[in-house]
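**Q** Just passing along the structure, written as structure tokens.
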Amino acid sequence: MGVTNLKNRIQVLLIIALLVAAAGTVQASGRVVVYTPIAEELINILMPMFEEQTGISVEVITAGSGELVKRVQIEQHNPYCDVFWGGSNPAVVQPIAHLFEEYVSTNDEFMLEGFGNQDGIYTQTAVDLHVIFVNTDLLDELGITVNGYADLLQPELKGKIAHGDASASSSALLTVVNMLYSMGGIAKI
């Protein structure tokens, strides 16, 4: 089995373990509610597997991380969600960590060093990579190059850069954090 295939299987096991742990608290209802900003393609693969393996139905509520965090905050005294799947730590989860129950997956030992559960709250299920897509035709036209985040500060690029809304998307927020790290603007969170 290749490394990528092994990592994918571990990711699936971790996600299923998270759902099983939550399902243990809702066994009587036979249903678990998941809030997630995760891509629909992955949801459509994993949720039927979980339902088939456990006999527990899954209600999936999808939205951007920012919207889901607001829901968790609003519902804190009458929670509707059993599992919050997604959102980057610490940018999304740490500010509301007090609203979650402690949980460490039985598969945590299989995570890459440094990616395991560090606080009893947040369990990694994926390692995200953030990249810059560039329009090489535009760069040629402007006579500039982009090799990193600092290059995006060139005056020629003003008004020509697109970026996700960091107040609504944990991925967009994490990209801003990565930009600041790479440019030396902030200390480790």
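**Q** Bin all alpha-carbon pair distances of region 136-182 at 5 Å intervals from 0 and give each bin's fraction as a whole percent.
**A** 5, 19, 25, 22, 17, 11, 2
**Q** Let me ask something else about it. Net charge around Leu142, counting only other residues with Cβ within less than 12 Å of its Cβ (Lys, Arg = +1; Asp, Glu = -1)? Mind dumping the intermediate values first?
**A** Working: positive: Lys158, Lys160; negative: Asp137, Asp140, Glu141, Asp151, Glu156.
So the surrounding residues net to -3.
**Q** Compare the peptides 98-110, 152-164 by average per-residue count of other Cβ atoms within 10 angstrom and give them in order, highest first.
**A** 98-110, 152-164
Computed from the coordinates by the stated procedures, all read-outs in this text should not be read as laboratory data. Keep in mind the model is a prediction, meaning the values are calculated, not measured. Positions of Cβ are generated from backbone atoms using ideal geometry, with glycine treated the same way; all protein chains shown enter the neighbour counts.
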